[in-house]
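*Asks:* I'd like to ask you about the structure that follows.
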Amino acid sequence: MYYANNGLIQWFSSLGSGSLVGSDNMIASAKPKSPMKAEKKNTKKMMRKKIQKVANGEPSVNRTNVPERVAGPLLEDLLSDLTQINNSMERAKRLFEWLIRPIPAQTFFRDTWEKKPIFVQRNKPDYYKGLFSTAEFDRILREEYVQYGVNLDVTSYTNGKRETHNPPGRARPFTVWDFYESGCSLRMLNPQAFSSTVWNVLSILQERFGSMAGANVYLTPAQTQGFAPHYDDIEAFIVQLEGKKHWRVYNPRLKEVKKEALTNFKQADIGKPILDVVLEAGDLLYFPRGFIHQGNCLPDAHSLHITISSYQKNSWGDLLHKLVPAALEIAIEEDVDFRRGLPLDYLTYMGVQNSDKDDPRRGKFFSQIETLMKKLSNYAPVDAAVDQKARDFLHDCLPPVLTADELASSVQGAPARWEDGRVKGVGAQITTQTRVRILRAGCARLCSDGEAVHLYYTTNNSRVYHKEEPQSFEVKTEHTDAVEYLIHSYPDFVTVESLPCDSVQDRISLTELLFENGIIHTEAPL
């Protein structure tokens, strides 16, 4: 079943912050103190009553059952099926449909996206199995170089105070699990850098959102809370993987959703929750940016969830940040009205100190500003500003995860080997009859800075956010039509001969350049 926020969903009375379980083996003063036993006992008793209310279906909410037959495939099977789909946009569509099932994607984007929280309860603990696990968390700590503050945060929230307990340096398993045993929450900041499955899922979903898809993993001990009530600047999908967690979501404090995330609200400042639910393994909670939220563990279970996020800095305002300065520069260059001098005496009647003055000159000044602002839109290079946003997106993107067929037919699998002290097999030929296509629908984009055209692409990006500089190279003017043709032909393969270039040699050299940078692959292995 899924529960939509209709303004009436209030399942529990407001709860106090979770308390932290203490340990005799705490690391100096970096770890939180254990709560009073009486407080723990009372909290457990209260939570049992509230859980029982949920089990009894109290109070009435908007319900939709999720029949077993529509619950969807498990992740491993789904990812296997997606490799058979020829179009990466269709893969992204299918994966997102699975993520929010049984809500139809069209209904979700029309009624819920950026508007209100929603809760999907499946009663199918294995639904998200394989995405991430506590065992994977432990493996990463033991096998990978995980750093506090870079890849991992150790946090707590008790008695209304949120704290971070990160020591310097590398996160060793012994120390990390000792923190956890003492009641601290663990947040892995970029699991896609260590988990191939998370990387795969996010690299597919980013094409559905047209914006970077990121993730954090949260592991929280029973009877604790790791973070204060706060809101984020992203669209958040809370995917419950293990155990259970009690979530409360509150309306934004302002009608306008602020751009930046804000943390550490006090309980008294946020009012009553509009959504109050317990997520169990296989469940999903979505809430838009700006909605205040907090999650705490119940007394009888730990919690492992992954937050999949997107749409950070992807608003009209963010586009206008790119557009307005460029429009103003053009307007000043081309329109004399933008170059005329300000009134000689404008400082005597404008500005904050003069804002209460009843001066007719102020009205005339504002009228002139309004006129210029209206004219400014005539000089707005909208496509160029969109391309600036696109360049940022391509820099943010994860590189694509190649299927077996793509690996064999791309530069990654091109024939070359080391044998008997010599390199052999290099020199596979691309001919005019070779059939090629772009590796992913959104993996490359032509952008102009007014003087030259560059092709920006994601295929050489790192799994670590912005570890590499934006990947691009200049495209000759006579080759831009051919690159556009390849981009617009996706998902179809086209022959090298069909590229609109001036000569056979141009077609071959351009194709080789794109192939060597991993931007295209061939229909059959070379």
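*Asks:* Taking 0.36 nm per residue of sequence separation and subtracting the Cα-Cα distance, how much length would be gained by fully extending the chain between V464 and F338, in nm to one decimal?
*Replies:* Separation in residues times 0.36 nm, less the Cα-Cα distance, equals 41.0 nm.
*Asks:* Put +1 on the Cβ of every Lys and Arg and -1 on every Asp and Glu Cβ in the stretch 163-219; which of V176, Q206, N216 then has its Cα farthest towards the positive end of the dipole?
*Replies:* Ranked along the dipole, the leading option is Q206.
*Asks:* Suppose every K and R has +1 on its Cβ and every D and E has -1 on its Cβ; what is the size of the dipole of the stretch 385-502 about the Cα centre, in Debye to the nearest 20?
*Replies:* Around 480 debye, computed over the stretch 385-502.
*Asks:* Hey, got the dipole for the stretch 347-416? About the Cα centre, +1 on K and R Cβ, -1 on D and E Cβ, debye to the nearest 20? Write out the running numbers ahead of the final one.
*Replies:* Details: 8 positive and 10 negative charges, 128 e Å.
Charge dipole of the stretch 347-416: 620 debye, to the nearest 20.
*Asks:* Too long at a 32 Å Cα-Cα cut-off: which of K115/K161; K313/K375; K129/K389; K115/K245; K116/K389; K161/K313?
*Replies:* In this structure, K129/K389 exceed 32 Å between Cα atoms.
*Asks:* Between Q412, V453, P491, whose Cα lies farthest towards the positive end of the dipole of the stretch 397-526 when Lys and Arg beta carbons carry +1 and Asp and Glu beta carbons carry -1, centred on the Cα centre?
*Replies:* The Cα lying farthest towards the positive end belongs to Q412.
*Asks:* Just in the stretch 457-523: which GluC sites (Glu not before Pro) are loop by DSSP and have at most 14 other Cβ atoms within 10 Å?
*Replies:* Sparse-neighbourhood loop GluC sites (Glu not before Pro): E468, E523.
*Asks:* Compute the FRET efficiency between D405 and Q433 as 1/(1 + (r/R0)^6), taking r as their Cβ-Cβ distance and R0 = 22 Å, and round to the nearest 0.05.
*Replies:* Numbers: r = 20 Å, r/R0 = 0.89.
So, using R0 = 22 Å, E works out to roughly 0.65.
*Asks:* Arrange the following residues from fewest to most other Cβ atoms within 10 Å of their Cβ: E163, E469.
*Replies:* Sorted ascending by nearby Cβ count, the order is E469, E163.
*Asks:* Let me spell out the model: positive unit charges on the Cβ of Lys and Arg, negative unit charges on the Cβ of Asp and Glu, origin at the Cα centre of the stretch 130-254. What dipole size does that give, in debye rounded to 20?
*Replies:* It works out to roughly 300 debye.
*Asks:* GluC sites (Glu not before Pro) within the stretch 69-141: which are DSSP loop residues with at most 15 other Cβ atoms inside 10 Å?
*Replies:* Those satisfying the criteria are E114.
*Asks:* I need L402, L499 ordered by Cβ neighbour count within 10 Å, fewest first. Spell out each step's value before the answer.
*Replies:* Values: L402 19, L499 22.
Ordered from fewest to most neighbouring Cβ atoms within 10 Å, L402, L499 come out as L402, L499.
*Asks:* Which order results if F365, F515 are arranged by neighbouring Cβ count within 10 Å, fewest first?
*Replies:* Details: F365 16, F515 21.
Fewest-to-most Cβ neighbours within 10 Å comes out as F365, F515.
*Asks:* Still on this structure: Near E478, within a Cβ-to-Cβ distance under 15 Å, what is the net charge of the other residues, with Lys and Arg +1 and Asp and Glu -1?
*Replies:* -3
Values quoted throughout were computed directly from the atomic coordinates according to the rules given, and no laboratory measurement underlies them. All values reported here derive from a predicted model rather than from experimental measurement. Neighbour counts are summed over all protein chains in view; Cβ atoms, including those assigned to glycine, are modelled from backbone coordinates with ideal geometry.
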